[in-house]
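Notes follow once the structure below has been shown.
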Amino acid sequence: ILSQEFDDYEILLIDNGSEDSSIAVCQTYCDQHPSHIRFICLERPTIIGRPNMVGRQMMRGQYCMTVDGDDYLIPGSLMEISRLINE
């Protein structure tokens, strides 16, 4: 996402009870890109679907797109989505 040419976006990294180094990785990205990334660490217990619900409540923008850890956006994706919305 960070390599997209389009830069009018916000990334919400939401941890839902990770037990590995995910929290540290997310915090590092947040520290390196504070204008685009916010990190939210949810308290246990883990609840399926809660990250999406919290993300939609906390997002600042008008549109939302869920990108999971195993997803990939091809170059130009966000620019094309923006163009289609504006049409």
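The values are calculated or read from the model by the stated rules, or taken from the named source; none is laboratory data. None of these values were measured; they are calculated from a predicted model. Because the Cβ atoms are built from the backbone with ideal geometry, glycine has one as well, and the counts that use them run over all protein chains shown. Ligands, DNA and RNA are stripped out before the accessible areas are found, and what is left, the full protein with its side chains, is counted by its heavy atoms. Shrake-Rupley method; radii C 1.70, N 1.55, O 1.52, S 1.80 Å.
A few points about this structure:
- Checked across segment 7-29, the condition of being of a type in the set (S, T, N, Q), within 30 Å of Met79 (Cβ to Cβ), open to solvent by 40 Å² or more (accessible area, probe 1.4 Å) and not in a loop (DSSP other than H, G, I, E, B) holds for at least one residue.
- Filter pass, Ser3 being in contact (Cβ under 8 Å) with a residue 24 or more places away in the chain, of a type in the set (Gly, Ala, Ser), surrounded by fewer than 10 Cβ atoms within 10 Å (Cβ to Cβ) and assigned to a loop (DSSP other than H, G, I, E, B): yes
- Residues of segment 31-72 classified as assigned to a loop (DSSP other than H, G, I, E, B), closer than 20 Å to Ser3 by Cβ, open to solvent by less than 70 Å² (accessible area, probe 1.4 Å) and of a type in the set (A, V, I, L, M), total: 1
- Residues that are free of Cβ contacts under 8 Å to residues at least 24 places away in the same chain and either among the β-branched types (Val, Ile, Thr) or at positive phi (or both), drawn from segment 26-80: Thr28, Ile48, Gly49, Thr66, Ile74
- Search result, residues across segment 34-87 that are β-branched (Val, Ile, Thr) and touching a Phe, Trp or Tyr at 6+ places or on another chain (Cβ under 9 Å): Ile37, Ile81, Ile85
- Just one of the listed residues (Asn52, Asn16) is within 11 Å of the chain's Cα centre (by Cα) and polar (S, T, N, Q), namely Asn52.
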